[in-house]
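Before any comments, here is the structure.
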Amino acid sequence: MSNVLKNILPTEMIVGGITYEILNYFRRRGKFVVGEVMLARVKKMNANLGQEDGKHILKYQIDIPAILRDNFVFVFPDWRRPGVPETVAWVYWRNIGHWDWGWYWIDGGLPSLCRV
């Protein structure tokens with residue numbers, strides 16, 4: 001991500017009447033953070049959102065600023081796949097015109113475009 005783009009991306013968004021702060025849990029310019037490190041950092045930041053917020057954001061995704069498409073993926077650390085605690089839900093832009101969600105394995109590390 002270029003420095004110019006980084007400077008114009010919003011740090012918060014209002015989705016469905018709720019204000020969400022967009023937080024970065026990366027500390028350096030690394031490309032990945034292992035899952036356990038991410039989980040510890042978001043817990044300290046009090047940013048470990050779950051299924052309720054994830055579904056709310058998807059329901060009102062029209063409110064997500066268009067500039068975030070393809071620039072961020074939103075991770076929901078407390079929204080885990082039932083029976084598979086090594087995964088977290090993430091909401092990402094699909095190039096077919098809408099935001100969608102899926103499961104991401106945290107063991108291999110999370111890419112730097114992830115935000116909570």
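The table for this structure:
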| read-out | value |
| --- | --- |
| Tabulated pairs, the stretch 20-31, first within 24 Å of PRO65 (Cβ to Cβ) and at pLDDT below 80, second of a type in the set (D, E, K, R) and open to solvent by 100 Å² or more (accessible area, probe 1.4 Å), C-beta under 6 angstrom, 6+ apart or interchain | none |
| Contacts under 7 angstrom Cβ, first residue in the stretch 68-88 being of a type in the set (Lys, Arg), partner at pLDDT below 90, 6 or more apart | ARG80/THR87; ARG80/VAL88; ARG81/THR87 |
| Qualifying residue in the stretch 39-61 (condition: open to solvent by less than 50 Å² (accessible area, probe 1.4 Å) and assigned to a strand (DSSP E or B)) | no |
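The values are calculated or read from the model by the stated rules, or taken from the named source; none is laboratory data. Note that this is a predicted model, so its numbers are computed, not measured. Glycine also receives a Cβ, built like all others from the backbone with ideal geometry; neighbour counts cover every protein chain displayed. Calculation scope for accessible area: heavy atoms of the full protein, side chains included, ligands and nucleic acids excluded. Shrake-Rupley method; radii C 1.70, N 1.55, O 1.52, S 1.80 Å.
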